[in-house]
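Visitor: Attaching a single structure in structure tokens format; questions to follow.
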Amino acid sequence: MMLATKPDATALRNRSGYENWRPAVIGVTVLALVGVDSLVLPCLMGALVLPTGTVEDGQSPQEAAQLVLSGIPGGLPIQRRVTVDEVHTRRRIVISHLVVTAPLSVEEAQCLVYRDPRADMSVLRTTEAVSLLTEPARARALLGLQALVVNAMVYNRNGAIEHLESVPAA
């Protein structure tokens, strides 16, 4: 005769899926375009990164983007939001909005200051900038640039494009 044993709680917890018991982390990433063929990227401790920040309660992604990159009189000229990435970790959802600026002049780009004062700002050709990013940042930047080109809004859930909608012409 076989005795039923109570399963180990730790083993169950390690196999369990997503548990929504912590609030979502919501962030914003800014693709700052310079002209038609360049991007502004912060160089932080020797690595190029996409400019990112958090979206606080009651803030829109566009408002949060103004705090990520500053220095232009009148604020960052946000064109539109192009992607929303949603990743489910074990106990938290991480949502990242990607917004794109209207094309900046070289002078405006040189005035930009990243929220982290340790970063140096670089203006690089888009192909060079994208090739120097980490794989996740590269994928996010390329998806955002593609969505901008085809005038779409892309919803990416756990690495799979879940929804694609056309954006009305402005």
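Visitor: Show me 71-80, 105-114 ranked by packing, highest mean number of other Cβ atoms within 10 Å first.
Guide: Peptide ranking by packing, descending: 105-114, 71-80.
Visitor: If you plug each phi of the stretch 87-99 into the Karplus form 6.51 cos²θ - 1.76 cosθ + 1.60 with θ = phi - 60°, what whole-Hz ³J(HN,Hα) values come out, in order, with x for Gly and Pro?
Guide: Couplings: 10, 9, 8, 4, 10, 7, 9, 10, 10, 10, 9, 10, 10 Hz.
Visitor: Based on the mean of other beta carbon atoms within 10 Å per residue, what is the order of 84-94, 140-150, most packed first?
Guide: The peptides rank, most packed first, as 140-150, 84-94.
Visitor: List the GluC sites (Glu not before Pro) within the stretch 124-170 that DSSP assigns to loop and that have no more than 15 neighbouring Cβ atoms inside 10 Å.
Guide: Sparse-neighbourhood loop GluC sites (Glu not before Pro): none present.
Visitor: Something else about it: Taking one equal scatterer on every alpha-carbon of the chain, how large is log10 of I(q)/I(0) by Debye at q = 0.09, 0.12, 0.18, 0.20 1/Å?
Guide: Summing over Cα pairs of the chain leads to -0.36, -0.58, -1.17, -1.39.
Visitor: Still on this structure, I have one more. What does the charge dipole of the chain about its Cα centre add up to, to the nearest 20 debye, if the Cβ of each Lys and Arg holds +1 and the Cβ of each Asp and Glu holds -1?
Guide: 720
Visitor: Next question, about the same structure. Using a 7 Å offset from the Cα along the Cα-to-Cβ direction at both R80 and I93, what is the distance between the two label points in nm, to one decimal?
Guide: 2.4
Visitor: Keeping all protein chains in place, calculate the accessible area per residue for the chain (probe 1.4 angstrom), answer in Å².
Guide: 59
Visitor: Also: Identify the residues of the stretch 111-142 with backbone N under 12 Å of a label point that sits 7 angstrom from the Cα of E162 along the Cα-to-Cβ direction, or state none.
Guide: Under cut-off, by backbone N: nothing.
Visitor: Calculate the FRET efficiency for V149 and A24 from the Cβ-Cβ distance with a Förster distance of 30 Å, rounded to the nearest 0.05.
Guide: For R0 = 30 Å, the calculated efficiency reads 0.55.
Visitor: Taking 0.36 nm per residue of sequence separation and subtracting the Cα-Cα distance, how much length would be gained by fully extending the chain between E107 and L67, in nm to one decimal?
Guide: Result for the pair: 12.5 nm of gain on full extension.
Visitor: With a 1.4 Å probe and all protein chains left in place, how much of the accessible area of the chain comes from carbon and sulfur atoms, in whole percent?
Guide: 58
The values are calculated or read from the model by the stated rules, or taken from the named source; none is laboratory data. All values derive from a computational prediction rather than experimental measurement. Methodologically, a virtual Cβ is constructed for each residue, glycine included, from the backbone with ideal geometry; neighbour enumeration extends over all protein chains shown. When the accessible area is computed, the model is the full protein with side chains, heavy atoms only, and any ligands, DNA or RNA have been set aside. Shrake-Rupley method; radii C 1.70, N 1.55, O 1.52, S 1.80 Å.
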